[in-house]
Every structure is written in structure tokens, then in C-alpha cells.
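Below is one structure; the comments refer to it alone.
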Amino acid sequence: MELTFYIAAAVAVLATIMVITRYNMIHALLYLVVSFLAVAVVFLTMGAPFMAALEVIVYAGAIVVLIIFVIMMLSLTREDVEQEKAWLQPKLWMGPALLSFVLLAELVYLLVIAEMPAAPAVAGSYVDARAVGLALYGPYVLGVQLSGILLMAGIVGAYHLGRQKKKVIHRFLQEKEPQKERSAAI
Amino acid sequence: MTTIPMETGLLLAGVLFMLGLISVMIRRNIIFMLISVEIMLNAAGLAFIVAGSHWAQPDGQIMFIFILTMAAAEVSVGLALILQIHHQLKTLNSDAANFMRG
């Protein structure tokens, strides 16, 4: 049980170091996914399985996919097909694949020892989703409402900031210089 | 009691947080800076989970849920800001945005 924690911690630190030393954003995001998965395994060994699932779903799923979408939006015209082909070499995805294979082996090991009757796994500090839900909607219900307000502010702010300003110019005034328009907007 | 000592988990959280902080300071690509902020938030959540596991209370996990919510809201607003910066400055270098003319 301790060994799985230490291996997952080592994978997390290694993957994070690889994230901050990459020059290519997509490679960094591959390692970032591995780092989040390793932290999820750490949560699992700490006796927080619900948080491990949330980590995989929200961090490794939603947030990384959002960042990938924005990267694709920004560099759609500059990066071309040859670049895409160069990115798919085996030595580029071999590192994240190896690290996540270590995590997969750990996950299988944890599932197998959880099936055994004499489970030496997380004994006392196991906090399941039921206790979390009861506390979340009991004493922390104000925090849940504040989180809802925060998410609403995030949606409105992202919509307002991400909107491309659409200039409404009458077609008779179309010969006005768009460059001047932008500098006035700045 | 968990078999993993609490100091080890907190050490892991500290190491991850320091890696994110170093990356914020040495990187100039603004998307990398956003990723580093995510790493730091994740490390903070890990510290909460470790503490909640040490005392076997659900409060640490609830704090992690709140951190998760804040990270989701933060990354959406941050990515919208990155889109605007790229649209206006045609670059992702954060030093290009040091003039804050309204």
C-alpha cells in the first residue's frame, strides 16, 4: 500500500517536471494528463476514491480538453499537416504512455487487493462519497451556493471576454479603415 | 490511521507546488503559465486531501471540491483572456502585454 503511493508520487513529480520543461504545448499537455492521473492514484491510496474520480473527470478530462481546444483554435492556420505528422512519432508519446502504464499497473493491483477478503488496504482513513455528500449538503451548503455563483460568474466572464467584437458598420460607411477602428478600440 | 505518513503527502504537495511556481516564473508563454497555475491549484488540493485523510474527516475532500470548482471557473476565464490577447497582440508572449492601455 505504501509502495503504490510512493510510485504514484514519483510518477507525479516526474510528469510535472516533464510538463515544465517541454517546449511544445501538446507534449506538455500529454504529461500534464499523466501528472493528474498520478495524483488521482495518490488520492486513491489516501482513501479518497470519489476525489480520485473527480480528479480524472474534471482535471484530466475537462480542463485539459479546454486548453487543447484553445491551442487548436490559436494555431489552426500556422501548424500544418507535416507538423501533425511529426508530432505523432513514437518517441513523443512513448514517455507519457510508459508513465501511464505504471499507473495502470498500480490501479489493477489496487483493484485486485480490494477484491481479496483480507484487504490490507485503506483501513481507518477511508472516507467514501456518502460522507462527503452528507457534509457537503449539511454544514457546507453555503459553500455550494457560493460555488454556483462563482461558476455563473465564470460563465458570464468567459462569454464576455471571449466574444469577438463584431463591428456593425453600415455598408455605405464600409470604406472606413478597420485598422483605425481597432486602435480606437484598444 | 493511514499507513502513509502525513509528512510524505505534504512533501509531495509541496514539491508539486514548487514545480508549478518555478514554471510560472521561468516561462513566458502565457498558456504554460496557465498550466502552471493549474499544477499549483492541484498541489493545494492534494494538501487538503492529505490532511483530510490524516484525520479521516470529509472536510478536506470538500475543500478539494471547492478548489476544483474554482479551477474550472479560473481556467475558462483565463482561456478567454488568452484568446483576447492572441487576437489583439498576435502573440502568446506575456511580456508583449506589459502595457495596460485601457
Anything in the stretch A:61-77 that is assigned to a helix (DSSP H, G or I) and more than 10 Å from every other protein chain (Cβ to nearest Cβ)? List them, or say none. A:G61, A:V65, A:I68, A:M72
If A:D128 satisfies all but one of (1) under 27 Å from the mean Cα position of the chain (by Cα); (2) at pLDDT below 85; (3) more than 21 Å from B:A51 (Cβ to Cβ), what's the number of the condition it fails? (3)
Per the filter on the stretch A:39-49, residues facing chain B (nearest Cβ under 10 Å), over 22 Å from B:E74 (Cα atoms) and either at pLDDT 90 or above or within 8 Å of the chain's Cα centre (by Cα) (or both) are A:V42, A:F43
Name every residue in the stretch A:144-153 that is closer than 13 Å to B:L68 by Cα and either exposed (fewer than 14 other Cβ atoms within 10 Å of the Cβ) or in the same structural domain as A:F50 (by TED's automatic domain parsing) (or both), in order of residue number. A:G148
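Is there a residue being under 28 Å from A:A131 (Cα atoms), assigned to a helix (DSSP H, G or I) and either within 15 Å of the chain's Cα centre (by Cα) or modelled with pLDDT of 95 or more (or both) anywhere in the stretch A:9-28? Break it down stepwise before answering.
Going through the stretch A:9-28, the residues under 28 Å from A:A131 (Cα atoms) turn out to be A:9, A:12.
If we keep only those that are assigned to a helix (DSSP H, G or I) too, we end up with A:9, A:12.
Then drop every residue that is not either within 15 Å of the chain's Cα centre (by Cα) or modelled with pLDDT of 95 or more (or both), which leaves A:12.
Yes.
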Return the pairs, sorted by first residue and then second, in which the second residue is of a type in the set (A, V, I, L, M, F, W, C) and surrounded by fewer than 21 Cβ atoms within 10 Å (Cβ to Cβ), the first residue lies in the stretch A:1-13 and is in contact (Cβ under 8 Å) with a residue 12 or more places away in the chain and at the interface with chain B (Cβ under 7 Å from one of its Cβ atoms), the beta carbons are less than 9 Å apart, and the residues are 6+ apart or on different chains. A:M1/A:L110; A:M1/A:I113; A:M1/A:A121; A:A9/B:L11; A:A9/B:V15; A:A12/B:V15
So, A:V81, is that one at pLDDT 85 or above and among the hydrophobic types (A, V, I, L, M, F, W, C) or not? no
The lone condition B:M33 fails out of (1) closer than 25 Å to A:R22 by Cα; (2) under 11 Å from the mean Cα position of the chain (by Cα); (3) at the interface with chain A (Cβ under 7 Å from one of its Cβ atoms) is (3)
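The values are calculated or read from the model by the stated rules, or taken from the named source; none is laboratory data. Please read all numbers here as calculations on a predicted model, not as lab measurements. Backbone-built Cβ (ideal geometry, glycine too); neighbour counts: all protein chains shown.
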